[in-house]
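A quick write-up on the structure given underneath.
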Amino acid sequence: MLIVMANQTQPINALLEDSLKEPEIGITDRFRWHATPVGIAALWSSAQSPSTPPFEDAIKEGLQVGLDLSREEKEFHQVTQGLVLLFHS
């Protein structure tokens, strides 16, 4: 079962990594924001890594760049560039 799940996330990780190479749509204290084909990606940019995915922080900071993410589905991914919180419908 774990192998299947890992294989399913690989295409998303590759897509996110490609999308994160594009210019961001906004920057806040702890995130760089990117529009991707699968949703809004919040790339963690703070020096200290969080112990759990900081979804509430991202929702609050998203408002600073005009994004209301409070009703979106959310998931996290670890990619080459770091921790990505992904918000999608």
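The values are calculated or read from the model by the stated rules, or taken from the named source; none is laboratory data. Fair warning: this is a prediction, and the values are worked out from it, not measured in the lab. Quick reminder, even Gly has a Cβ in these numbers, built from the backbone with ideal geometry, and neighbours come from all protein chains shown. To get the accessible areas, we keep the full protein, side chains included, count just its heavy atoms, and leave off ligands, DNA and RNA. Shrake-Rupley method; radii C 1.70, N 1.55, O 1.52, S 1.80 Å.
So how many residues does the range 22-51 have that are in contact with a strand residue (DSSP E or B) (Cβ under 9 Å, 6 or more places away or on another chain) and free of Cβ contacts under 8 Å to residues at least 40 places away in the same chain? Before you say what the answer is, go through the steps one by one.
First, the residues of the range 22-51 that are in contact with a strand residue (DSSP E or B) (Cβ under 9 Å, 6 or more places away or on another chain): 22-28, 30-36, 38-46, 49-50.
Keeping just the survivors that are free of Cβ contacts under 8 Å to residues at least 40 places away in the same chain gives 22-24, 27-28, 30, 32-35, 45-46, 49-50.
Of the residues in that region, 14 qualify.
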Checklist entry - Do you know which residues across the range 28-74 are open to solvent by 70 Å² or more (accessible area, probe 1.4 Å) and either part of a helix (DSSP H, G or I) or acidic (Asp, Glu) (or both)? => result 29, 56, 60, 63, 64, 68, 73
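Can you name the residue in the range 75-89 that is open to solvent by 90 Å² or more (accessible area, probe 1.4 Å) and outside any strand (DSSP E or B) and is also modelled with the highest pLDDT among such residues? Break it down stepwise before answering.
The first filter runs over the range 75-89 and keeps only residues open to solvent by 90 Å² or more (accessible area, probe 1.4 Å), leaving 76, 78, 80, 89.
Narrowing the set further to residues that are outside any strand (DSSP E or B) leaves 80, 89.
Values: 80: 94, 89: 90.
So, considering only residues that are open to solvent by 90 Å² or more (accessible area, probe 1.4 Å) and outside any strand (DSSP E or B), the one modelled with the highest pLDDT is 80.
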Checklist entry - If residue 45 passes every condition in (1) over 13 Å from the mean Cα position of the chain (by Cα); (2) more than 18 Å from residue 12 (Cβ to Cβ); (3) not basic (Lys, Arg) but one, which one does it miss? => result (1)
Item to check | First in the range 61-81 and more than 15 Å from residue 45 (Cβ to Cβ), second anywhere and assigned to a strand (DSSP E or B) and aromatic (Phe, Trp, Tyr), Cβ under 6 Å, 6 or more apart | outcome: 69/87; 72/87; 74/87
Item to check | Selection count where residues are among the β-branched types (Val, Ile, Thr), within 15 Å of residue 83 (Cβ to Cβ), under 13 Å from the mean Cα position of the chain (by Cα) and at pLDDT below 95, scope the range 1-42 | outcome: 1
